[in-house]
Amino acid sequence: MPSGPPDDSALAAYLPDALRRLRGHKKLVERALEQVSDADFFRTIDPESNSIAIIVKHLCGNMRSRFTDFLTTDGDKPDRQRDREFLAEGETREALMARWESAWALAFSAIEPLTPADLGRTIRINSEPHMVMTAITRHVAHFAYHAGQLVFLAKHFAGAGWRSVSIPRGESEAWNESMRRKHGPPA
């Protein structure tokens, strides 16, 4: 199987796919967080763990830093205080979720106007050069990592009242069948 640089059609497909995945993870997390009380939003499961609030705060700080002036300044902004993202400092859930929406709006507004030609441009994160495509993939992976943590914590705190945010247990085959009907059988 030949390998090499992606062709123009693959590059054109990358951006919509990355955006779809980011939007999907955002929605998944939000559906999970809806099931958590305000008290549990700030609770930790042990002294070394982060609360949902702290993870949300960290993701907001990360997105603000990475996507402000995305193509023109280092993704690690000099005013970012990453260590403070891991401190509980009296924020409210409402304020953190407003920051969440602003951070996502910033990320999407930085990614949406990009073209396939932009994907090969070089930007910097922590002074390290990254292709734009690599930087976006890095963000997708970072967010997916924390999305799993957030869903885990939400499920833990919701307990028996948990409503699945993905494919519920025992419904995999029905989901697979719906995908086959939607997309046709595998080639």
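The values are calculated or read from the model by the stated rules, or taken from the named source; none is laboratory data. Every value quoted in this text rests on a predicted model; they were computed, and no experiment measured them. Quick reminder, even Gly has a Cβ in these numbers, built from the backbone with ideal geometry, and neighbours come from all protein chains shown.
Annotations
- Looking across segment 97-120, just one residue is surrounded by 14 or more Cβ atoms within 10 Å (Cβ to Cβ) and touching a strand residue (DSSP E or B) at 6+ places or on another chain (Cβ under 9 Å), and that is Leu119.
- Residues satisfying the stated conditions in segment 159-179, i.e. of a type in the set (Lys, Arg) and surrounded by 11 or more Cβ atoms within 10 Å (Cβ to Cβ): Arg163
- Residue within segment 123-138 that is closer than 12 Å to Leu59 by Cβ, at pLDDT 95 or above, in a helix (DSSP H, G or I) and under 19 Å from the mean Cα position of the chain (by Cα) present: no
- Selection status of Leu71, over 29 Å from Thr44 (Cβ atoms), in contact (Cβ under 8 Å) with a residue 12 or more places away in the chain and of a type outside the set (S, T, N, Q): yes
- The helices (runs of 4 or more DSSP H) found wholly in segment 5-69 and carrying at least 3 residues that are modelled with pLDDT of 95 or more, surrounded by 14 or more Cβ atoms within 10 Å (Cβ to Cβ) and on the phi < 0 side of the Ramachandran plot occupy 8-33, 52-67.
- In the set (1) modelled with pLDDT of 95 or more; (2) over 24 Å from Asn50 (Cα atoms); (3) over 20 Å from the mean Cα position of the chain (by Cα), Ala117 fails one condition alone, (1).
- Residues within segment 97-114 that are farther than 14 Å from Phe70 by Cα and either among the small types (Gly, Ala, Ser) or touching a residue at least 24 places away in the same chain (Cβ under 8 Å) (or both), tallied: 5
- Search result, residues across segment 70-111 that are touching a Gly at 6+ places or on another chain (Cβ under 9 Å) and either in a loop (DSSP other than H, G, I, E, B) or among the hydroxyl-bearing types (Ser, Thr, Tyr) (or both): Arg80, Gln81
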